[in-house]
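Following: one structure in structure tokens, then a few remarks.
Values in this text are rule-based calculations from the coordinates and carry no lab data. The structure displayed is predicted, hence computed values, not measured ones. Cβ placement follows ideal geometry from the backbone for every residue including glycine, while neighbour counts extend to all protein chains displayed.
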């Protein structure tokens, strides 16, 4: 047998063990090894039954995504699955960990499926812009019915073993040792004799055309609502519909056609790119699996406001102990009440039980002093975004914390080196920029100061993983990766407003293009006072003579801070529902008149180009300066922290799809029209002239060896 697949015997049962660490992906050699093992077991007179099981921590987590990205032609999965299903001896699939994508497709070809209680099964292909391509939509529909198949294939959400048992996908949950349970089950079925159930021959759950019609309508509505602008979810519904209306072989043929269409699409390429670069973000030059890290079991959080409270929740959700400090009892009580309220919402939605919430709250230790901070492993400062306040906080922390305690700032824009400079331990200082709400958002921007030790950086990456967040390392500059690119994006949109586009037109164009929120809705959510203060903190960095937006000052002066005050760019009701505000439109027109700015109409295309190309041009500067290690890191930041549509792959990947030569020409045209704020990044110019791409740059030796 293949080294990746082992065939052994246990008292008349052939045990096929898949051993392709870390997740037993169906990469080259695995399907072939399974097929060879099935043939050998079928032909061996000493074998009465077969058990297929995964070594290590999982069954089969799916296809090898790198093979998909490289366009490699995979093995004939259809022949493999038919050989499993046609085996004359009972084939029992023993599931632990995950059986996802191709893993579930293999499992569904078995005659029986057993699982431990902690196992999960799913068809998450939609997350990669594709659909199940190895008969998954056809067998899943036969086992679980069209309604469940639609929900699984459109959402991509895995089912627990209990849910899978209820759905009819698995036959039994095994208590105790999985292999022992599977062997016993296999012997029982062999003793009972055949024929053994073939999923492809089942029709009892396929339903009728009349009963299914509303299911497919609802499935398409769900796809359009939850996966806006994406083609794969709709293709999945079509494939499931084919399972209910066509014979198995014809349904498989239609599934394969739809799979190939999806796989060749720009959306699939973007989503596969997003999957791979997210995993590459943790690879930092100089850091290996042998790099020492500091154990993080206890965390101190300074500040119980919106960010501090969210960070506290993220930590206790991960099983850590948190000491939470505020300067007044009122502020502390308010912060704890907000945490409690957020957990109550989670309980109401079924995400946590009341007992789980109480256990988490018990790990929060509130204080008005520095009591307990001398014992923690990591301290995260989450005070007001003001350099003087943060420097004073770090000076105090330096006196209190253990020498081996890491000090981190949650700053979104400020200079980490300046903050670290007030301590006696700059090597132990880093930025940990959480995104709001910190207990929900997946991104953690890890800011590396000039003195930050590799061990501290490695610990921060491990800490992100502990919190189930995506850690991306950024160099130190104003705004780091995310906000440095966000500033020109926001500024350009505000300048377009002063030139005649309405904020509501711009937001509509951006959301229809795929952004999770329009830029002005984001400004209102974050707080216009926050944006105003951030700009004030960075006034010394503004290029002399460059035109700055005027409206933030106007709105701030009127106390229109956004959702928190009921008025900002939009007007908000008591439920924070936004509606356009004629007063804002009049204020914009008045501001433009006073400043002598001519107003005109804007096309949707110009709005997209000015908003996104400003962001991308800044991204090219960040890459050239080494603030970001890879273009893929920038994409990961924007996909996980800024609502950039995943099916467009991130701003730098999107730039490649536009074509850097085309994009560069537009940037040059904007420079001629609007001035030097649009000066193209030298890197963008070089890539445009050479016909290169950001993706190719990431693969070049000079980038893969570059340290941030």
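Distance between the C-alpha centers of region 236-258 and region 124-140? Whole Å please. Region 236-258 and region 124-140 have Cα centres spaced 11 Å from each other. If you take every DSSP beta bridge whose two residues both sit in the chain, what share of them, in percent to the nearest 5, is antiparallel? The antiparallel fraction comes to roughly 30 percent. When the inverse distances between all different Cα atoms of region 298-474 are averaged and flipped, the Kirkwood radius reads 16.0 angstrom. Label-to-label distance, residue 690 versus residue 337, with points set 7 angstrom from Cα along the beta-carbon direction: 5.9 nm. Sorting 278, 330 by the number of Cβ atoms found within 10 Å of their own Cβ, with the fewest placed first, yields 330, 278.
The ranking of 435, 480 from fewest to most other beta carbons within 10 Å of each one's beta carbon is 435, 480. Relative contact order for the chain: 9 percent, from Cα pairs under 8 Å spaced at least 6 residues apart, divided by residue count. A viscosity of 0.692 mPa s and a temperature of 37 °C, combined with the Kirkwood radius over Cα pairs in Stokes-Einstein, give a translational diffusion coefficient for region 5-264 of 181 µm²/s. Taking the average, over residues, of other Cβ atoms within 10 Å as the packing measure, peptides 249-258, 648-657, 114-123 rank 648-657, 114-123, 249-258 from highest down. Apply the a/c threshold of 1.5 to the C-alpha gyration tensor of region 188-286 and tell me whether it is rounded, prolate or oblate. Oblate. Peptides 403-414, 345-356, 186-197 ordered by packing proxy, namely the average of other Cβ atoms within 10 Å per residue, highest first: 403-414, 186-197, 345-356.
Where both bridge residues fall in region 5-264, DSSP classifies roughly 30% of the beta bridges as antiparallel.
Note that the chain carries a Kirkwood radius of 28.0 Å, evaluated over its alpha carbons pair by pair.
With the simple model of a label 7 Å out from the Cα in the direction of the Cβ, residue 245 to residue 160 spans 3.6 nm. Rg then Dmax, both in Å and based on the Cα atoms of region 346-446: 15.7, 47. Mind grabbing the base-10 log of I(q)/I(0) for region 1-147 at q = 0.10, 0.16, 0.20 Å⁻¹? Debye formula, identical points on the C-alpha positions, no solvent, two decimal places. Treating every Cα as an identical point scatterer, log10 I(q)/I(0) equals -0.30, -0.80, -1.28. For q = 0.12, 0.25, 0.26, 0.27 Å⁻¹, what log10 I(q)/I(0) does region 206-264 give under the Debye formula with an equal point scatterer on each alpha carbon and no solvent? Scattering profile of region 206-264, log10 relative to I(0): -0.29, -1.02, -1.06, -1.09. Once C-alpha pairs closer than 8 Å and six or more residues apart are averaged by separation and normalised to the residue number of region 56-133, the relative contact order reads 34 percent.
Residues 364, 169 in ascending order of nearby Cβ atoms (within 10 Å, fewest first): 364, 169.
Rg and Dmax, both from the Cα atoms of region 524-673 and both in Å, are 17.8, 48.
Secondary structure note: in region 298-474, about 15% of the DSSP beta bridges are antiparallel.
The angle between the Cα long axis of helix 30-43 and the longest principal axis of the Cα atoms of the chain comes to about 10 degrees, rounded to the nearest 10.
Taking only C-alpha pairs under 8 Å that are 6+ residues apart, what is the relative contact order of region 482-704 in percent? Relative CO of region 482-704 lands at 22 percent.
Applying 1/(1 + (r/R0)^6) with R0 = 35 Å to the Cβ-Cβ distance of residue 604 and residue 679 gives a FRET efficiency near 0.85. Multiplying the residue separation of residue 6 and residue 209 by 0.36 nm and subtracting their alpha-carbon distance yields 68.6 nm.
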